[in-house]
1. Please list, ordered by first then second residue, the pairs with beta carbon atoms under 6 Å, 6 or more apart or interchain, first in the stretch 162-182 and within 10 Å of PHE227 (Cα to Cα), second outside any loop (DSSP other than H, G, I, E, B) and modelled with pLDDT under 95.
2. Sort out which residues of the stretch 124-154 are within 16 Å of ligand 2 (Cβ to nearest atom) and without any contact (Cβ under 8 Å) to a residue 60 or more places away in the chain, and write them in order of number.
3. Would you point out which residue out of PRO27, PRO49, PRO12 is within 16 Å of ligand 1 (Cβ to nearest atom) and either touching a residue at least 60 places away in the same chain (Cβ under 8 Å) or in a loop (DSSP other than H, G, I, E, B) (or both)?
4. Has the stretch 76-88 got at least one residue that is within 16 Å of ligand 2 (Cβ to nearest atom) and modelled with pLDDT of 95 or more?
5. Would you please list the contacts, defined by Cβ atoms under 6 Å and residues six or more apart or on different chains, that run from a residue in the stretch 189-210 that is at pLDDT below 90 to a residue that is more than 16 Å from ligand 2 (Cβ to nearest atom) and of a type outside the set (A, V, I, L, M, F, W, C)?
6. Would you mention how many residues in the stretch 73-91 are touching a Phe, Trp or Tyr at 6+ places or on another chain (Cβ under 7 Å) and within 16 Å of ligand 1 (Cβ to nearest atom)?
7. Pick from GLY331, GLY280, GLY250, GLY343: which is under 30 Å from GLY215 (Cα atoms) and at pLDDT 95 or above?
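The values are calculated or read from the model by the stated rules, or taken from the named source; none is laboratory data. Just so you know, these numbers come straight off a predicted model, no measurement behind them. Please note: Cβ atoms are built from the backbone with ideal geometry, for glycine as well, and neighbour counts cover all protein chains shown.
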Amino acid sequence: MRHLYLHVPFCPTICPYCDFHVVRRGPGLVERYLERLEAEAAELFNRRPGPLATLYLGGGTPSYLRDRELARLYAALPWTLAPGAEVTLEANPGTLTPARLERLRALGVNRLSLGVQSFQDPVLARLGRAHKGQGALRAVEEALEAGFRVSVDLILGLPGQDVKADLETAAALGVGHVSAYTLQVEPGTPFALAGLEPDPDREAEAFAAARAVLGRAGMVRYEVSNFARPGEEARHNLAYWRMLEWGGLGPAASAHFLTPAGPGVAERRTNPPLPRWAAGEPPARETIAPLEHVKEGLMMGLRLREGVDLAALARQSGLAGLDRALSPAVGRLEAEGLIERAGVRLRPNQAGLDRLHAALLPLWEALEAAYPPDRLA
Ligand SMILES: C[S@@+](CC[C@H](N)C(=O)[O-])C[C@H]1O[C@@H](n2cnc3c(N)ncnc32)[C@H](O)[C@@H]1O
Ligand code: SF4
């Protein structure tokens, strides 16, 4: 196992649009979390010792943990890191100070993913964020000065937002990576209950602006929502999109292991939410059948500009005639200008990245027609 995700569910406040597994701190809650984490990490390490090429501390807000809690969390991880390993920590701008940054460096964190969302105060207020634009600017600058690789998260296409200004600010700061999302209004969140709806036209414009502004700063759209200077890509997230193996620790974390000798091609393990996880409940296990693996591989791989390796999917899944089954649909999508073939790879072009579903659905339909369940049984 070369990639490990660790979920830290605690946040100072819960944002009205957030659908991640997050909780406020409560008496004894962090203590119980750390105790369970120590046991879970020791158990996973016995089965999958590493060394790790990437470690991702995500959340929630890992930077909201206190120094001694972060140190204990780190000490709970027995893995060694491979040379040049990427260690990312997700942080809210308001939780960072120069002293804090120094301690994070000393722990071994070398990449920060900062939840900026916007540099504009009225937009931040509408999102219910605790920080202001100035605070976000300062956090990015201090993180860069402290020697971290820095990624900035932006949410684009929000009402009242000057999208170009936000993008230009991020680019001018000199960060190597920007994650540009559009607002997802997830059922049950306060934003959904308030009847908020995304505006697809405004979002499409926002993405065109992102390509132009970030492109001028030397950043390439290497994934649907992610832009990076060459070499600054998120190596951990690439492992997800390339469908490699990764382990997961913490409540609601999921893991993906390839199981060539097992009943399926892969296994997904998903931890229960905090109370049940802390009580020791094991992860739910799901066997990924060959067809599902190929569908997932296409869905993840077509998010990437580098595309997906069809030969690898055929090998991993054992599905005979995969290339032949997909060929007519690929031809049509090529003619529509959504994807292109490059040797064994299928790559989305810009239009394909913009219209992922349009590129993906015909391929899934071709798979379902070629491999009906009775033929696979
Ligand atoms: C898991 S959050 C963790 C980062 C950190 N807690 C924060 O919010 O600053 C990672 C990123 O997901 C994005 N995000 C979260 N909820 C979203 C939503 N409903 N729509 C679009 N992006 C969202 C935000 O850009 C956020 O920075
Ligand atoms: S701070 Fe980040 S993880 Fe926490 S509630 Fe807000 S968006 Fe979600």
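1. Hits for this filter: ALA180/LEU156.
2. LEU124, ALA125, ARG126, HIS131, LYS132, GLY135, ALA136, ALA139, VAL152, ASP153, LEU154
3. Exactly one of PRO27, PRO49, PRO12 is within 16 Å of ligand 1 (Cβ to nearest atom) and either touching a residue at least 60 places away in the same chain (Cβ under 8 Å) or in a loop (DSSP other than H, G, I, E, B) (or both), namely PRO12.
4. yes
5. Going by the 6 Å Cβ cut-off, the qualifying pairs are ARG202/GLY157; GLU203/GLY157.
6. Residues flagged as touching a Phe, Trp or Tyr at 6+ places or on another chain (Cβ under 7 Å) and within 16 Å of ligand 1 (Cβ to nearest atom) within the stretch 73-91 amount to 1.
7. The match here is GLY331.
Residue by residue, here is whether (1) under 30 Å from GLY59 (Cβ atoms); (2) polar (S, T, N, Q); (3) part of a helix (DSSP H, G or I) holds:
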residue	(1), (2), (3)
HIS293	yes, no, yes
MET300	yes, no, yes
GLY331	no, no, yes
GLU334	no, no, yes
ARG341	no, no, no
HIS357	yes, no, yes
